[in-house]
Amino acid sequence: MRSRIRAWMKPASERLPNPHRGRTLVTPSFLYKMNERKRLCRRVGIQTVLPDAANKQSVHAFAQRHRIPHPEQIATYTSVHEVEWESLPPSFVPKPVDLSLSEGVFVVSNGYSVFDQEPFNQSIACEEIERAIKRRARTTEVVVEEFLGTSPDLLDDWKFYTHYGEVSLIQQVRRNNSRHEANWKVKEWSKGFEGLKQSRKYRIRYDESLDAPERADELAALAESISRLLRTPFIRIDLYDTARGPVLGELTFVPGGGQVFNPVSDKRLGIAWELAEARLVEDFGSPSTNFGASGP
């Protein structure tokens, strides 16, 4: 038998190289699933694969439809040059409708630009917002939202990694009233808000001394509720812990920053993704995503 197997096998010099030879693959893998989603978006177009969660108007409509607490929209304009600055309240947040992160975002508290640490300058804001829109946005629209912070400080950003109704990881980001990541701090938490050791590399300084939020249980419950509504195996849900309770910030189907976790965390998050896909197939027949104007 062995002689027949040896005769059937090609000589080593003729075999195709195995790029994974000698390498232990973490399976399932959160990084692989995330890159798979990105590849699919590139092949068939992101709008075909994923809903437009970066669009502030879409997220606003979704939150209104499901009565999810979200920042009040003070006004919307077709372009930054149409903004009626004099009619706005003392505190507000102008931002491009079609961008995520803090691109082109200004936070104004009682006439003071929180990011820039100086009085708000309309001309500078117009230039920065227009530059951000030209660089990446698909529309020139600008929305002005309420300021959620406690004057003059920004609230911490609570980023929930969720898998169809289950929270698998929480990231706390404290911006320290700065636009520059070098001044930010980050910490990871479990679903039950137990502090975790750092599981991935950050450009932001990791700080284990950061405190848990005042409304921890309410934040986690809202994140899980939104995740179930969206019917997706993974989405990151950004929330704020405000005086009136948890408030929805952003929804992110493809977070930036690499998402390269250590092998243990990568496997744990990958398992959570696959289990979520299995639950979606059991409940709906496919791991579909429910978002947009036609949601339940």
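Key figures for this structure:
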item: Test: residue in segment 156-172 that is closer than 29 Å to residue 78 by Cα and assigned by TED's automatic domain parsing to the domain that holds residue 215; result: yes
item: Residue that is farthest from residue 254 (Cα to Cα) [pool: residues in segment 80-101 that are of a type in the set (S, T, N, Q) and surrounded by 15 or more Cβ atoms within 10 Å (Cβ to Cβ)]; result: 91
item: Output for segment 253-266, where each listed residue is crowded, with 18+ Cβ neighbours inside 10 Å and touching a Ser or Thr at 6+ places or on another chain (Cβ under 9 Å); result: 253, 261, 265, 266
item: Any hit, segment 32-41, residues being more than 17 Å from the chain's Cα centre (by Cα) and among the polar types (S, T, N, Q); result: no
item: Cβ pairs under 7 Å, 6+ apart, first in segment 215-240 and closer than 16 Å to residue 286 by Cα, second of a type in the set (A, V, I, L, M, F, W, C) and assigned to a helix (DSSP H, G or I); result: 231/280; 231/284; 233/273; 233/276; 233/280; 234/273; 234/276
item: All strands (runs of 3 or more DSSP E) inside segment 127-244 with 3 or more residues being under 16 Å from the mean Cα position of the chain (by Cα) and modelled with pLDDT of 95 or more; result: 157-162, 167-174, 185-189, 235-242
item: Neighbours by Cβ (under 9 Å, 6+ apart or cross-chain): first from segment 106-135, on the phi < 0 side of the Ramachandran plot and in the same structural domain as residue 174 (by TED's automatic domain parsing); second surrounded by 20 or more Cβ atoms within 10 Å (Cβ to Cβ) and in a helix (DSSP H, G or I); result: none
item: Residue ID - farthest from residue 276 (Cα to Cα), chosen from residues in segment 156-201 that are free of Cβ contacts under 8 Å to residues at least 12 places away in the same chain and among the charged types (D, E, K, R); result: 197
item: Selection status of residue 95, within 19 Å of residue 55 (Cβ to Cβ) and without any contact (Cβ under 8 Å) to a residue 24 or more places away in the chain; result: no
item: Per-region count, segment 114-126, residues part of a loop (DSSP other than H, G, I, E, B) and either within 13 Å of residue 145 (Cβ to Cβ) or polar (S, T, N, Q) (or both); result: 2
item: Identity of the residue in segment 120-154, acidic (Asp, Glu) and in contact with a Ser or Thr (Cβ under 9 Å, 6 or more places away or on another chain), that ends up surrounded by the fewest Cβ atoms within 10 Å (Cβ to Cβ); result: 153
item: Residue check for residue 60: surrounded by 13 or more Cβ atoms within 10 Å (Cβ to Cβ), over 27 Å from residue 275 (Cβ atoms), of a type outside the set (A, V, I, L, M, F, W, C) and modelled with pLDDT of 95 or more; result: no
item: Residues within segment 70-113 that are in a loop (DSSP other than H, G, I, E, B) and within 27 Å of the chain's Cα centre (by Cα), tallied; result: 17
item: Selected residue (only one of 216, 223 is surrounded by fewer than 20 Cβ atoms within 10 Å (Cβ to Cβ) and touching a strand residue (DSSP E or B) at 6+ places or on another chain (Cβ under 9 Å)); result: 216
item: Residues satisfying the stated conditions in segment 245-271, i.e. under 13 Å from the mean Cα position of the chain (by Cα) and acidic (Asp, Glu); result: 250
item: Residues (buried (at least 18 other Cβ atoms within 10 Å of the Cβ) and not aliphatic (A, V, I, L, M)) located in segment 227-248; result: 227, 231, 232, 233, 234, 236, 238, 240, 241, 246
item: Test set (1) within 26 Å of residue 286 (Cα to Cα); (2) modelled with pLDDT of 70 or more; (3) assigned to a helix (DSSP H, G or I) - residue 47 fails condition number; result: (2)
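The values are calculated or read from the model by the stated rules, or taken from the named source; none is laboratory data. Everything numeric here is computed off the predicted structure, so don't read it as measured data. Don't worry about glycine lacking a Cβ; one is built from the backbone with ideal geometry, like all the others, and counts go over all protein chains shown.
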